[in-house]
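Asks: Here it is, the structure, as structure tokens.
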Amino acid sequence: MQLGFGCARLGSASSGARHRDATRLVRDAVEQGVTVFDTADAYGAGASERLLGNALRGVRSQVTIATKGGYVFRPRTRAEQRIRRAVRAVAARRPMSGTPVPSGSAYGPQDFSPANLRRRLHDSLRRLRTDHVDLYQLHGPHELLPELLEELSDLVADGKVLRLGVGAESVSDAARWADVPGLDALQLPFGVLDPEAADDVFPAARARSVEIWARGVLGGGLLAAFDRDDPTMAGEPKRHQIAALRDLAAESGLDPYQLAVGFVRAHRDVSTVLLGIGSRGHLERNLELMRQPALDEDLVARIRRLGAQAVVAPIDASGERSS
Ligand SMILES: NC(=O)c1ccc[n+]([C@@H]2O[C@H](COP(=O)([O-])OP(=O)(O)OC[C@H]3O[C@@H](n4cnc5c(N)ncnc54)[C@H](OP(=O)(O)O)[C@@H]3O)[C@@H](O)[C@H]2O)c1
């Protein structure tokens, strides 16, 4: 099972990292043995692919690049991206100054027509400075498009894409795609906070030899937000589940991140553990977490029960929680 470097925030203004530091982080990751990078054309409206392509110059043949297409967006120029980063940096230093923070997501509507995807792939290859991507994924299709992979098979025949996949937004989308012929890899949410895919997707994927790439392993940042008492956690439905996970971690003599990565590593169907990495500290820590032994079956089973247990029963008229 391999670690995949999640590049969703790489080069984006919101990551807070300087271009130079983010480039160095990717190079450090390669030096430390990371060989899988997952990006998308829409991440930072092209900025993530551009930074990755630049950082991987000279080592392209040693790594696997996975990217995605399907969202309609206007690519940002380097100059625009520089301005966004500078404005963000000023706003972070002087949060009360009223400096307008660039806002708005690059994500727009989707277009999964083969003609559009061919154009998008062409642009991705240019930004990534490569003649092929190892995995090309449909980015978050909610609709099942059973013929599309077959229609894109010429990209594989031409060597521009080695394999085709889907980056599913939800477990239910992933479950429907798992059965589609021609699918090589499926990226989906799976982890201590979202264990459902083990039952709902893995068996079908296994039957078709579809590779599983797990994301959301650290709850898409929720574990870290809980740790720093982020105000957004007050309305977060999974906060009880995270609190229960922390109790279990304390009881087992591990920390919640060890449980989170160890849980995914205990599932042999998963080929790639994608972790969003924004700093050298997290890079080193995540490499260390990938080296730890997988969790034993009992702990895995207890983690899988946490979601159900963490649903707080409503308080009845007497003020007691109903059982
Ligand atoms: N539809 C799709 O296909 C789709 C959707 C979402 C994501 N993805 C892919 O999956 C990747 C991972 O995204 P995710 O949502 O699964 O994020 P995640 O890995 O669950 O969480 C990332 C967050 O956790 C923090 N973090 C990373 N390592 C940490 C550590 N050791 N200790 C504490 N905090 C740590 C990161 O902070 P720092 O930034 O400070 O390091 C970041 O805020 C993305 O980059 C992208 O490649 C794909």
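The values are calculated or read from the model by the stated rules, or taken from the named source; none is laboratory data. Every value quoted in this text rests on a predicted model; they were computed, and no experiment measured them. Cβ coordinates were reconstructed from backbone atoms using ideal geometry, including for glycine residues, and neighbour counts include every protein chain displayed. For accessibility, only protein heavy atoms count, side chains too; no ligands or nucleic acids. Shrake-Rupley method; radii C 1.70, N 1.55, O 1.52, S 1.80 Å.
Asks: Would you tally the residues in the stretch 34-62 being open to solvent by 10 Å² or more (accessible area, probe 1.4 Å) and either within 12 Å of the ligand (Cβ to nearest atom) or hydrophobic (A, V, I, L, M, F, W, C) (or both)?
Replies: Qualifying residue count, the stretch 34-62: 3.
Asks: Ok, one more. Only residues that are of a type in the set (F, W, Y) and over 11 Å from G216 (Cβ atoms): list them for the stretch 172-198, please. Reasoning before the result, please.
Replies: At the first step, the residues of the stretch 172-198 found to be of a type in the set (F, W, Y) are 177, 190.
Of everything in the stretch 172-198, just one residue is of a type in the set (F, W, Y) and over 11 Å from G216 (Cβ atoms), namely W177.
Asks: Continuing with the same structure: Quick one: which residue in A207, A243 is surrounded by fewer than 18 Cβ atoms within 10 Å (Cβ to Cβ), of a type outside the set (D, E, K, R) and closer than 27 Å to D38 by Cα? Break it down stepwise before answering.
Replies: On the way: A243 fails: closer than 27 Å to D38 by Cα.
None of the other options fit; the residue is A207.
Asks: Considering every residue within the stretch 142-158, establish whether at least one is buried (at least 20 other Cβ atoms within 10 Å of the Cβ), within 14 Å of the ligand (Cβ to nearest atom), on the phi < 0 side of the Ramachandran plot and under 22 Å from the mean Cα position of the chain (by Cα).
Replies: no
Asks: To continue, here is another question. For A175, are the conditions met, namely being open to solvent by less than 60 Å² (accessible area, probe 1.4 Å), under 21 Å from the mean Cα position of the chain (by Cα) and of a type in the set (G, A, S)?
Replies: Numbers: open to solvent by less than 60 Å² (accessible area, probe 1.4 Å): yes; under 21 Å from the mean Cα position of the chain (by Cα): yes; of a type in the set (G, A, S): yes.
Criteria met by A175.
Asks: Within the stretch 203-214, can one find any residue that is in a loop (DSSP other than H, G, I, E, B), near the ligand (Cβ under 10 Å from one of its atoms) and hydroxyl-bearing (S, T, Y)? Can you show your working first?
Replies: Step one: of the stretch 203-214, the residues in a loop (DSSP other than H, G, I, E, B) are 208-210.
Narrowing further to those that are near the ligand (Cβ under 10 Å from one of its atoms): none.
There is no residue in the stretch 203-214 that is in a loop (DSSP other than H, G, I, E, B), near the ligand (Cβ under 10 Å from one of its atoms) and hydroxyl-bearing (S, T, Y).
Asks: Also, quick follow-up: Whether any residue in the stretch 260-275 is more than 12 Å from the ligand (Cβ to nearest atom), assigned to a loop (DSSP other than H, G, I, E, B), over 21 Å from A197 (Cβ atoms) and open to solvent by 60 Å² or more (accessible area, probe 1.4 Å) is what I want to check. Please lay out each step first, then the result.
Replies: Of the residues in the stretch 260-275, the ones more than 12 Å from the ligand (Cβ to nearest atom) are 262-263, 265-271.
Filter again for assigned to a loop (DSSP other than H, G, I, E, B), leaving 266-269.
Filter once more, keeping what is over 21 Å from A197 (Cβ atoms): none.
Checked against the condition, which is being more than 12 Å from the ligand (Cβ to nearest atom), assigned to a loop (DSSP other than H, G, I, E, B), over 21 Å from A197 (Cβ atoms) and open to solvent by 60 Å² or more (accessible area, probe 1.4 Å), the stretch 260-275 yields no hits at all.
Asks: OK, next. Looking at this structure, is E236 open to solvent by 30 Å² or more (accessible area, probe 1.4 Å) and under 14 Å from D269 (Cα atoms)?
Replies: The answer is no for E236.
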